[in-house]
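S.K.: One structure, pasted below without further comment.
The values are calculated or read from the model by the stated rules, or taken from the named source; none is laboratory data. Source: prediction; values computed, not measured. Note: ideal-geometry Cβ built from the backbone for every residue, glycine included; neighbour counts use all protein chains shown.
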Amino acid sequence: MPIMPKFLHCRDAGFDCDAVVTGATVDDILAQVRPHAAAVHGVDVDTTMERQLQTLIRDDPELGAASGTSGT
Ligand SMILES: [Zn+2]
């Protein structure tokens, strides 16, 4: 199973949504975000929004371990 080192929290994009999109590359994530945003949020991801989303994509090997943890 390939490692998916990048992820995007949908709520970071301003949606009240717990979806997390993971992918090997930014393009891979955007390819999944487009249909998600359209189907779930009724939002059409245009070029401007894509650029914004790209800034929200994180490289974090501890995917899923971030919630509720801070400091230390
Ligand atoms: Zn969402």
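S.K.: Could you run through region 21-48 and say how many residues are crowded, with 17+ Cβ neighbours inside 10 Å and of a type in the set (A, V, I, L, M, F, W, C)?
M.R.: Going through region 21-48 one residue at a time, the tally reaches 6.
S.K.: I'm trying to understand the selection: among the residues of region 17-42, which are aliphatic (A, V, I, L, M), in a loop (DSSP other than H, G, I, E, B) and at pLDDT 95 or above? Before the answer, list the steps.
M.R.: To start, the set of residues in region 17-42 that are aliphatic (A, V, I, L, M) comprises 19-21, 24, 26, 29-31, 33, 37-40.
From what is left, the residues that are in a loop (DSSP other than H, G, I, E, B) are 19, 24.
Hit for region 17-42 is 19, nothing else.
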